[in-house]
Amino acid sequence: MKKANILYHTQLSGRYDRQQPHFKSENVAQVSARIKKLSSQTDGRRILDVGCGTGFMLKLAKPYFKELCGVDITPAMLAQAKSKFKNDHSRKVQLDLGSSEDLKYPDGHFDMVSAYGFLHHLERIDKTLREAYRVLKKGGIFYSDQDPNYYFWQSMISFKDPKRVSALLSVERDSVCKIAKMVRSAGAGNIGNKVVEMAEFQKTKGGFKEEKIKELLNKIGYRHINYEYTWFWQEGRVVHDLSPQAALYVEEHLRQALPLTRHFFKYVRIIAVK
């Protein structure tokens, strides 16, 4: 599993920032505002980003935390992150090569631990969630985002005849059901199907289910668990064709009908307190 992730993300590292949707301006604005709000609920001193990749979260967290720490198992991704902070001395920045399942930090060291678009790369998320809990101080916040929603994934898989749906929905279905093909079409043709399936493990296994994740978080000891369904289908299109405000209106409207509408949302977000 770890070898597959290293190979996969090494292949993607050079084009990662250009191709990943979470670098789009509409998402950056939302995540930045969220980090600002969460930091205000802590001392705003130390944040750890597990699976930090090329430094997406750390760059956004920079205005709100005094010390930034990231850990990743892929040297090529970590090199990209280090290059972004090479000449930046405005914050204490520590970037470490290592596994989220065995963090080399003291107990109760961080105000916040983030895992953005990361948990779905793991075969077992319980080890990482336990380690995050251990290194959080009392009252610290765990925040994860952009992980696959089980109910959306099941809806996409359920289409037996993709020719009977719209072209837009067909493309969305391919992003769920044909992950390896989509990765290769994005320019990573050297990555085999098996490597993609292992590296995108939770996506190929059907996504995260609310009831199971909440049960696990409660068992570990997290409290005030907020499990949110995010990024409704074609939200980006609503943002660009109408406005961010229109997208937020639709999002809140759909949320009013939960759990009926949870299959409309592509991803899930977790915010939990130690």
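Since every read-out is calculated from the coordinates, none of them should be taken as a lab result. Predicted model, so just to flag it, every value in this text is computed and none were measured. Neighbour counts run over all protein chains shown; Cβ positions are idealised from the backbone, glycine included.
For segment 42-185, what value does the Rg/Rh ratio take when both radii are computed over Cα atoms and Rh is the Kirkwood radius, given to two decimals?
Numbers: Rg = 18.1 Å, Rh = 16.9 Å.
When Rh is taken as the Kirkwood radius, the ratio is 1.07.
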Item to check | Dipole of the chain, positive direction: furthest Cα of S99, Y227, S243, with charges on the beta-carbon | outcome: S99
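Determine the calculated [θ] at 222 nm for the chain from helices alone, applying -39500 (n - 2.57) to every DSSP H run no shorter than 4 residues and normalising by the residue count; nearest 500 deg cm²/dmol.
On the way: 14 runs with 125 residues, N = 274.
That calculation yields -13000 deg cm²/dmol at 222 nm.
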Checklist entry - Hey, fewest Cβ within 10 Å first, where do M1, M77, M156 land in order? => result M1, M156, M77
Next on the checklist: Which lysines, if any, have their Cα less than 24 Å from the Cα of K92, not counting same-chain residues under 8 positions apart?
Outcome noted: K36, K37, K59, K62, K66, K82, K84, K104, K137, K138
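Based on the Cβ-Cβ distance of Q234 and N190, what FRET efficiency does E = 1/(1 + (r/R0)^6) give at R0 = 25 Å, to the nearest 0.05? Kindly include the intermediate steps, with their values, before the conclusion.
Numbers: r = 31 Å, r/R0 = 1.24.
Working from the Cβ atoms, E equals 0.20.
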Checklist outcome for this item: For V176, the net charge from surrounding residues (Cβ-Cβ under 10 Å; K, R +1; D, E -1) works out to +2
Checklist entry - Going by alpha carbons, how many degrees (0 to 90, nearest 10) lie between the helix axis of 25-40 and the longest principal axis of the chain? => result 40
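Between L169 and H224, what FRET efficiency follows from the Cβ-Cβ distance if R0 is 30 Å, with the result rounded to 0.05? Walk me through the intermediate numbers first.
Details: r = 36 Å, r/R0 = 1.20.
It comes to 0.25.
Cα convex hull of the chain: how many Å³ per residue? If you can, show how the numbers build up before the last one.
Numbers: hull volume 35.8 nm³, N = 274.
Per-residue hull volume (Cα only) is 131 Å³.
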Checklist outcome for this item: segment 66-108, Kirkwood Rh and Cα Rg, ratio Rg/Rh at 0.99
Checklist entry - On a 0 to 90 degree scale, rounded to 10, what angle separates helix 2-12 from the longest Cα axis of the chain? => result 70
Checklist entry - Okay, which of segment 250-274 sit inside 19 Å, backbone N to the point 7 Å along the Cα-Cβ direction of F159? => result 261-267
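For D102 and E26, what is the calculated FRET efficiency with R₀ set at 35 Å and r taken between the beta-carbons, to the nearest 0.05?
Working: r = 35 Å, r/R0 = 1.01.
For D102 and E26, the calculated efficiency is 0.50.
Excluding L242 itself, what net charge comes from residues whose Cβ is under 14 Å from its Cβ, given Lys and Arg +1 and Asp and Glu -1? Intermediate values should be presented prior to the final figure.
Values: positive: R237; negative: E26, E235, D241, E251.
In short, -3.
Just rank D17, D111, D102, fewest to most, by other beta-carbon atoms within 10 angstrom. Can you show the working numbers first?
Details: D17 15, D111 22, D102 10.
With the fewest neighbours first, D17, D111, D102 line up as D102, D17, D111.
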